[in-house]
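Below is one structure, written out as C-alpha cells; the observations come after it.
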Amino acid sequence: MSDATVDYRPMWRELGMDLEAHDPLLAAIPQLYADAYLNQKDRPEGMAYFDFVMSEIHGLRIKELQDHRAAGGTVIGTFCVYVPEEIIRALGGLSVGLCAGAEWAYDQVEHLLPRTTCALVKSAMGFKLGRVCPYVESADLVVGETTCDGKKKAYELFGELAPVYVMELPQMKRPQDLELWRGELDRLVAKLEEISGRTLTFEALQRATKEVNDKRRALQRLNAARAATPLPISGKDALLAVQVAFYDDVPRFTQMVNAIAAELEQRVAEGRGVAPASAPRVLVTGSPMSIPNWKVHDLVEKAGGVVVAEELCTGSRYYEKLVAEDATTVEGLLDDIAEKYLDINCACFTPNPGRIDDVLRLAEEHAADGILHYALQFCAPYQIEATSVERAAEKARLPVLRVDTDYSMEDVGQLGTRIEAFLEMLAH
Ligand code: BJ8
C-alpha cells in the first residue's frame, strides 16, 4: 500500500525482510483499513493525514528511519509505554512502537512460545520470525521491560533474533521502587550513549522532553473534544491517532493532531457529530490495541454505539501524564521522567488502584453510559484486574461488559451479538 510511484522493495530487501511473505501482508492492510475506516460518515477532514500515514506505513516512514540512520541517528524499537521516549530522542534516537497487532507466523511462534501466550506477545514474535515488520528490522536496539511474565520471558527468546536491552520495571510504587526505576534510567542512558556514541546533555533532554510533551498535549486536546455530545470524532479515529503516535515523526504528528483538535473544537461549537446525540457512549479499558487491532471499536461503532475514551496504553495511559519541564539539570530532568513514567497505571503493578480511579474519572468526564473491559486472552494482569474494575463500576452504577478476545476474527459474530445487547441495555 505504498505510493505507486515509489518502489520500496529494494529498501525492504536491504533490511533483510522476506518479501514473498511481506507482499500478502501489505496487500491485506488497505482492505482492512478501508472496511474499518474509509466508509465512516462525516469524518474530520484532518483524518486525511492518517489515511496517508496508513498508506505509507511500511513505505515513507521506513524510508525516513533509514535516512535518519544514514545521517548518524539510531532507531530504537519498543513494546511498552514505560520506555521513555524523551531519553531516546535526546540521544539521537527515533523511538518506534513495533508491530504487535495482528496474527502472523503463529505456526513458527508456537514452536517457541506456549499456545496460551497473549496475542500481543505472539504477534511481536511472529512479525520478527517472519521478517515482515520493517520497524523491527530497522531497529538498532529493542528496549524491553519487565512488565508481565509473558513479555519478560519472551524477551529472552526475542533477544536471540534481535539486539534486546531489558529495563527492570518494578511492580510496586513505593519510594524504593522509584529509586530502582530511577537507576534504570541511568542504565538506559549509558546503554544508549554506548550505541549512539553520544553523550546526554541537558539541552537535548530538555528539548526532547518538550517535544514529547507537546505530542501528548496535542492528543489530550483531541481527546478532550470527545467529552462532547454529539461526539465530534469516532472512537476508531481517535484510537488510530494514538496508535500512530508510537512511530510517527514527533513534530509533524503534533502539528497534524493539533489541526484535527482545532477542527473538532469547531465541530463541538457547532453541535456537529459523527453519530446521533442519543448513541450509547462507551468507555474502553484494558489491554493495549496495536495497529491493525480495531476489532472492538469497529464492532461498537458499527452497532450504533460510540467509544468516547480509552483507558489503554493506546489511549489515556499514553498521553495523560506529562514530564515536568522546569528542571535545570540532567539529573533533575531524569528524576521528573522517572516519576512521570512510574505514575502510569498498568495492571502489571500491585496494587493498582490508580487505574480504577482513572477509569471512573474518564467515564465521568466523557459522560460514558457503560464500560467495555477488553482483555487479550491469557493476559492475566488485565483479565484478573477486570474484577476490580467491575466492582468499582458497579458501585458507580456503570454497566460493564467484559470481553476477552484475541486477534482472530473467529469470534466476531458472537462478540457483535454481545456488544449489540450491551448497547441496547445502555440505551434504556
Ligand atoms: S504498560 S499494558 S504496554 S506492559 S497484553 S504483553 S500485559 S499479557 S502489553 Fe503492556 Fe506496557 Fe502494561 Fe501497557 Fe502482558 Fe497483557 Fe500481553 Fe501486555
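The values are calculated or read from the model by the stated rules, or taken from the named source; none is laboratory data. Since the structure is predicted, the reported quantities are computational estimates derived from the model, not experimental observations. A quick note on method: Cβ atoms are made from the backbone with ideal geometry, for glycine too, and the neighbour counts reach across all protein chains shown. Just so you know, the surface numbers come from the protein's heavy atoms only, side chains and all, with ligands and any DNA or RNA stripped out. Shrake-Rupley method; radii C 1.70, N 1.55, O 1.52, S 1.80 Å.
Numbers for the structure displayed
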| read-out | value |
| --- | --- |
| Per-region count, region 162-172, residues surrounded by fewer than 17 Cβ atoms within 10 Å (Cβ to Cβ) and either among the hydroxyl-bearing types (S, T, Y) or farther than 21 Å from E194 by Cβ (or both) | 2 |
| Failed condition for L231, given (1) within 14 Å of the ligand (Cβ to nearest atom); (2) not in a helix (DSSP H, G or I) | (1) |
| Out of G77, G97, G93, sole residue that is open to solvent by less than 10 Å² (accessible area, probe 1.4 Å), within 16 Å of the ligand (Cβ to nearest atom) and touching a residue at least 60 places away in the same chain (Cβ under 8 Å) | G77 |
| Among the candidates R69, R131, residue that is out of contact with any Gly (no Cβ under 6 Å at 6 or more places or on another chain), away from the ligand (no atom under 15 Å from the Cβ) and part of a helix (DSSP H, G or I) | R69 |
| Of all residues in region 310-326 being of a type in the set (A, V, I, L, M) and either free of Cβ contacts under 8 Å to residues at least 60 places away in the same chain or within 16 Å of the ligand (Cβ to nearest atom) (or both), the one that is most open to solvent (accessible area, probe 1.4 Å) | A324 |
| C80 vs. criteria farther than 25 Å from I337 by Cβ and either β-branched (V, I, T) or assigned to a loop (DSSP other than H, G, I, E, B) (or both) | no |
| Lone qualifier among A208, A224, A241 - being part of a helix (DSSP H, G or I), open to solvent by 60 Å² or more (accessible area, probe 1.4 Å) and among the aliphatic types (A, V, I, L, M) | A224 |
| Residue tally, condition in a loop (DSSP other than H, G, I, E, B) and either open to solvent by 50 Å² or more (accessible area, probe 1.4 Å) or without any contact (Cβ under 8 Å) to a residue 40 or more places away in the chain (or both), over region 188-205 | 4 |
| Enumeration of residues in region 134-174 that are over 25 Å from E385 (Cα atoms), without any contact (Cβ under 8 Å) to a residue 12 or more places away in the chain and outside any loop (DSSP other than H, G, I, E, B) | E156 |
| Verdict on Y37 being open to solvent by less than 10 Å² (accessible area, probe 1.4 Å) and touching a strand residue (DSSP E or B) at 6+ places or on another chain (Cβ under 6 Å) | no |
| Restricting region 391-428 to residues that are assigned to a helix (DSSP H, G or I) and among the small types (G, A, S), the residue that is surrounded by the fewest Cβ atoms within 10 Å (Cβ to Cβ) | G413 |
| Looking only at region 327-354, and only at residues there that are of a type in the set (S, T, Y) and within 16 Å of the ligand (Cβ to nearest atom), the one that is most open to solvent (accessible area, probe 1.4 Å) | T350 |
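Let's see how each residue does on (1) farther than 29 Å from I62 by Cα; (2) in contact with a Ser or Thr (Cβ under 9 Å, 6 or more places away or on another chain); (3) at pLDDT below 95:
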position	(1), (2), (3)
R182	yes, no, no
K191	no, no, no
N213	no, no, no
A245	no, yes, no
R252	no, no, no
E270	yes, no, no
S287	no, no, no
